[in-house]
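Novice: Here it is, the structure, as structure tokens.
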Amino acid sequence: MSQSLSVSLPQQRRASGAVISDRWFSILLIAPAMAVILVFALLPLVYALNVSFRFADLTRGGIGDFVGLDNYRRVLADRAFWASVGVTVKFTLAAVILEMVLGIAIAFLIHSATKGKGIIRSLMVLPLATSAAVTGLFWRYLYDTQFGLINYFLGLLHLPQPNWLGDYTIALWSVVLFDVWQWTPFVALIALAGLQALPKEPFEAAELDGASTFRVLRTLTFPMLKPVLFLVLVLRTIDSVRLYDAVAVLTRGGPGTVTESMTFYLYRTGLKLFRMDYASTMAIFFLYAMLVASLFALTPLLKQFSNRASEG
Amino acid sequence: MSFSQAWDAGFRALLLYVGIVFVWLGLIEGLFSSQSTSVVVMNVVAVAIAVAFFLRARRRAVAERARAEAEVRALVEEHI
């Protein structure tokens, strides 16, 4: 029995007189995934690329003539596009830094807790389990100037009651606050899993040597947690750059355009103003920026993993 | 150079090409009086840099493989 289990699948197929080679068998295995990627990712990408080189104002008919690089020139000179890039960068920096700091702090708190870990962990999953469109509506009511709970409590404390989503100086920070509320538990849960997976021996040795808590954190905990934290940082950054749902539900890009992220501007241009050429060009820019950022972010991570594998 | 190395280097070369095009359109094209001349020069520069990048990656991969093979050969000879 154990002998038959140790025989690999291709060998079994050869023994049973299979009609297809290993090469074709492996191609057959990846074909469904490739077909899905082709239909849902590559074909739309090729179409968007084609549209970005054409005139495509849907209010004046369908996809028009080839215009070369004109759409790219226009996007690069468009102030609204660069403003939306600025909003996205500002949002990403603020949200990711806050989520990382708070998430790691919460993970440490839960890790050292003696009771109720399970309940806290279950409660922390709740914001993640609900869609941003639903929780966004809930937060819109919280932020409401007239009936919102936040302003109600601020009023009880005789504090100023700002117009959270209508004041252009704080509207973006209100969106950041919502995102931090929703995604800090994600960072905390992953950091907590990383903390719980750390080996105990180095920490016991450090304790015996009389190392201070700060030194243990600096020389043991954080270096050992680095791959996990780096992964969660990359995931959160990529997700924050794609910011759309929170803006769509909370502010619709307003007041004015102060909370208009890249993706929301793209949506407005393509599906409100029907300038598909312009929207496709921005989508290509967005994709390019994401590809380059992912390449830079993932290279050290992959190197780290391959070093670990070769050491192991 | 293996297929996966060539794929990786090719993808990076493509990204480099597209990046040069974007930077050119945004910053350099204004310096040209004719747009079509700018596009031709831009493509020549972008293709040259992308190809140079790919060739450099290929040279590195070949050298790395030669080094690894030499290491293995030395180990085998040591055992014999």
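The values are calculated or read from the model by the stated rules, or taken from the named source; none is laboratory data. Nothing here was measured: the structure is a model prediction, and the numbers come from that model. Cβ coordinates were reconstructed from backbone atoms using ideal geometry, including for glycine residues, and neighbour counts include every protein chain displayed. These accessible areas exclude ligands, DNA and RNA; they are computed on the full protein's heavy atoms, side chains included. Shrake-Rupley method; radii C 1.70, N 1.55, O 1.52, S 1.80 Å.
Novice: Please compute the modelled spin-label separation between residue A:213 and residue B:37, points set 7 Å along Cα→Cβ, answer in nm with one decimal.
Specialist: Label at residue B:37, label at residue A:213, 6.9 nm between them.
Novice: Would you mind working out the accessible area per residue for segment B:3-79, using a 1.4 Å probe, and quoting it in Å²?
Specialist: Working: 5450 Å² over 77 residues.
Dividing the accessible area of segment B:3-79 by its residue count gives 71 Å².
Novice: What percent of all Cα-Cα pairs in the protein assembly as shown falls in each 20 Å bin, counting up from 0?
Specialist: Values per bin, smallest distances first: 18, 44, 33, 6, 0.
Novice: On to the next question. Taking Cα atoms, how many degrees apart are the long axis of helix B:35-79 and the longest axis of chain B, rounded to 10 and kept between 0 and 90?
Specialist: The two axes meet at around 10 degrees.
Novice: If packing is taken as the mean number of other Cβ atoms within 10 Å per residue, what is the order of A:70-81, A:170-181, highest first?
Specialist: Details: A:70-81: 16.6, A:170-181: 21.7.
By packing density, highest mean first, the sequence is A:170-181, A:70-81.
Novice: While we're looking at this one, here's another question. Set Lys and Arg Cβ to +1 and Asp and Glu Cβ to -1, take the dipole of chain A about its Cα centre, and tell me which of A:52, A:182, A:72 lies farthest positive.
Specialist: Of A:52, A:182, A:72, it is A:52.
Novice: Please name whichever of A:106, A:85, A:222 sits farthest to the positive end of the charge dipole of segment A:79-307, dipole taken about the Cα centre and charges placed at Cβ: Lys and Arg +1, Asp and Glu -1.
Specialist: Final value for the positive-end residue is A:85.
Novice: Show me the helices of chain A, taken as full DSSP H stretches, that run 30 Å or more along their long axis by Cα and average 1.0 or above in Kyte-Doolittle hydropathy.
Specialist: Numbers: long enough: A:79-112 (49 Å, 1.63); A:171-196 (38 Å, 1.40); A:276-311 (51 Å, 0.78).
The qualifying helices are A:79-112, A:171-196.
Novice: Mind pulling up the Rg/Rh value for segment A:30-82? Radius of gyration and Kirkwood radius, both on Cα. Present the calculation step by step, with values, prior to reporting the outcome.
Specialist: Working: Rg = 14.8 Å, Rh = 13.0 Å.
We get a ratio of 1.14 for segment A:30-82.
Novice: Please tell me which of these pairs span more than 32 angstrom C-alpha to C-alpha: A:90/A:115; A:90/A:200; A:90/A:117; A:90/A:226; A:90/A:272; A:117/A:303? Each step should come with its number before you reach the end.
Specialist: On the way: A:90/A:115 38 Å; A:90/A:200 39 Å; A:90/A:117 34 Å; A:90/A:226 25 Å; A:90/A:272 25 Å; A:117/A:303 34 Å.
Those over the limit are A:90/A:115; A:90/A:200; A:90/A:117; A:117/A:303.
Novice: Which residues, if any, in segment A:59-89 lose at least 20 square angstrom of accessible heavy-atom surface (probe 1.4 Å) when the other protein chains sit next to their chain rather than the chain being alone?
Specialist: The answer is A:69, A:72, A:73, A:76.
Novice: At a probe of 1.4 Å, how much accessible area disappears from chains A and B on forming the pair, both sides counted, to the nearest 100 Å²?
Specialist: 1100
Novice: Please check segment B:1-43 for residues whose accessible area, probe 1.4 Å, is lower by 30 Å² or more when all protein chains are in place than in their chain alone.
Specialist: Residues passing the criterion (a loss of at least 30 Å², heavy atoms only) are B:11, B:12, B:15, B:22, B:25, B:35.
Novice: For segment A:79-307, which whole-number percentage of the solvent-accessible area (1.4 Å probe, protein heavy atoms only) is attributable to carbon and sulfur atoms? Each step should come with its number before you reach the end.
Specialist: Values: 8770 of 12480 Å².
Of the solvent-accessible surface of segment A:79-307, carbon and sulfur hold 70 percent.
Novice: Shifting gears a bit: Inside 10 Å of the C-beta atoms of A:282-291, what's the mean count of C-beta atoms belonging to other chains? Provide the component values of the computation, followed by the final result.
Specialist: On the way: counts 0, 0, 2, 2, 0, 1, 5, 2, 0, 5.
Per-residue shielding by partner chains comes out at 2.
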